[in-house]
Amino acid sequence: SQQGEEDPQALSIQEGENATMNCSYKTSINNLQWYRQNSGRGLVHLILIRSNEREKHSGRLRVTLDTSKKSSSLLITASRAADTASYFCATPTQGGSEKLVFGKGTKLTVNP
Amino acid sequence: NAGVTQTPKFRVLKTGQSMTLLCAQDMNHEYMYWYRQDPGMGLRLIHYSVGEGTTAKGEVPDGYNVSRLKKQNFLLGLESAAPSQTSVYFCASSYPPVGETQYFGPGTRLLVL
């Protein structure tokens, strides 16, 4: 069953602009993760934010988590053509499982 | 460290044929996973393992079997391939505690005719 759902499904911006993607989830979580997938490649972990954290930074990435609204956002600042990829949020399944449930992703295109 | 590797990278099968996909990790991870990725469907968990000798069903296990005889390897088998199993298959591994970061392999593209 779908836990996380990204919005928008697709996003096209110019190089240098910021990109914001959102993720909504349904049940309580202990962490939320964001992954990137370049075309034809495996997923790469970007950042993990725990339920007691509100914001986390990693380089040009900023992730926020609002547990009251069951939502998270990923902000990529000063985007580059190399940021073109699909971005997925993932959360552990309900019950503290070792399994993650992935959303369907946001396809980001950064135009040079 | 090679991380997570998958073989083969690409395979074409005829309906009814069988094959095994191999996943290997050199990070000493306890947990290993097999996913399939189809257009518009995101990643769906097929089977997973929480340790050597253990396996469990995920969201879409039908038509697949798995084995984890060694900690570093996780095999996914298709006994009788069907066109509906045309997909890209990803293996991943992670370290305890549960629900933590997963490390993915590069994927195997499977086409069933």
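On the basis of being touching a Phe, Trp or Tyr at 6+ places or on another chain (Cβ under 6 Å), crowded, with 18+ Cβ neighbours inside 10 Å and either over 18 Å from residue B:107 (Cα atoms) or among the hydroxyl-bearing types (Ser, Thr, Tyr) (or both), does residue B:35 make the cut? Judged against the criteria, residue B:35 is a match.
From the list A:39, A:28, A:73, A:12, exactly one residue is over 22 Å from residue B:103 (Cβ atoms) and outside any strand (DSSP E or B). Which is it? Answer to the check: A:28. When the criteria are applied in full, residue B:61 meets the requirement of being assigned to a loop (DSSP other than H, G, I, E, B) and either modelled with pLDDT of 95 or more or within 8 Å of chain A (Cβ to nearest Cβ) (or both). Considering A:50, A:60, A:54, A:80, the condition of being of a type in the set (Lys, Arg), exposed (fewer than 15 other Cβ atoms within 10 Å of the Cβ) and within 14 Å of chain B (Cβ to nearest Cβ) is satisfied by A:50 alone.
Here are B:106, B:97: which of them is under 13 Å from the mean Cα position of the chain (by Cα) and part of a loop (DSSP other than H, G, I, E, B)?
Exactly one residue qualifies, and that residue is B:106.
Residue-level check: of (1) among the hydrophobic types (A, V, I, L, M, F, W, C); (2) closer than 21 Å to residue A:107 by Cα; (3) out of contact with any strand residue (DSSP E or B) (no Cβ under 6 Å at 6 or more places or on another chain); (4) modelled with pLDDT of 95 or more, residue B:104 misses just (3). Among the residues of segment B:41-54, are any of a type in the set (D, E, K, R), assigned to a loop (DSSP other than H, G, I, E, B) and either within 14 Å of chain A (Cβ to nearest Cβ) or touching a strand residue (DSSP E or B) at 6+ places or on another chain (Cβ under 7 Å) (or both)? No: zero hits.
The values are calculated or read from the model by the stated rules, or taken from the named source; none is laboratory data. What you see is a predicted model, and the numbers here were worked out from it, not measured in a lab. Counting neighbours? That spans all protein chains shown, and the Cβs are built from the backbone with ideal geometry, glycine included.
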